[in-house]
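The values are calculated or read from the model by the stated rules, or taken from the named source; none is laboratory data. This is a predicted model, so every value here is computed, not measured. Here the Cβ positions follow ideal geometry from the backbone for every residue, glycine too, while neighbour counts run over all protein chains shown.
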Amino acid sequence: MKPLTDAKTTVAELRERVLAFVHERDWEQFHTPKNLSMALAAESGELMEHFLWAESKDSLALAHDPKKRPAIEAEIADVVIYALEFANICGIDLAAAIESKMVANGKKYPVEKARGRADKYTEL
């Protein structure tokens, strides 16, 4: 298999690799939306664990710490793998879903009101 990079790999290629991995192990039987959503939440929690008790201002430095970086990369990979498999099992077109969500977010967070603010859309 060719090495993957963000610049040269499509979402479709990632989905195919995840699907092949799952299929080779006969794991489709376990990959229900319920189980995958729970696995996704669990892996997100494991990613958050790397930043637990750190000050927000220190979190970027933590993410770039050479000693911590491999474990952080592994956790974000787990999150994305489960999200891709969820999309595979549910037949969700991720690009279309992201585009639709970005349009909706643009309406909720218009630039002229949201720029430089972290407020929820109901507070703008």
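Of the residues 96, 114, 74, only one is surrounded by 12 or more Cβ atoms within 10 Å (Cβ to Cβ) and either among the β-branched types (Val, Ile, Thr) or under 30 Å from residue 20 (Cβ atoms) (or both); which?
Values: 96 fails: surrounded by 12 or more Cβ atoms within 10 Å (Cβ to Cβ); 114 fails: either among the β-branched types (Val, Ile, Thr) or under 30 Å from residue 20 (Cβ atoms) (or both).
It is 74.
Looking across 42, 54, one residue alone is within 16 Å of the chain's Cα centre (by Cα), of a type outside the set (D, E, K, R), on the phi < 0 side of the Ramachandran plot and not assigned by TED's automatic domain parsing to the domain that holds residue 118. It is 42. Counting only helices (runs of 4 or more DSSP H) that sit completely within region 14-124, those holding 3 or more residues that are modelled with pLDDT of 95 or more correspond to 33-49, 59-64, 69-90, 94-108.
Within the group 83, 77, 39, 61, which residue is over 30 Å from residue 12 (Cβ atoms) and of a type outside the set (Val, Ile, Thr)?
Values: 83 fails: over 30 Å from residue 12 (Cβ atoms); 77 fails: over 30 Å from residue 12 (Cβ atoms); 39 fails: over 30 Å from residue 12 (Cβ atoms).
Of the residues listed, the single one that is over 30 Å from residue 12 (Cβ atoms) and of a type outside the set (Val, Ile, Thr) is 61.
Residue check: residue 33 meets all listed conditions (1) surrounded by 12 or more Cβ atoms within 10 Å (Cβ to Cβ); (2) in contact (Cβ under 8 Å) with a residue 24 or more places away in the chain but one, namely (1).
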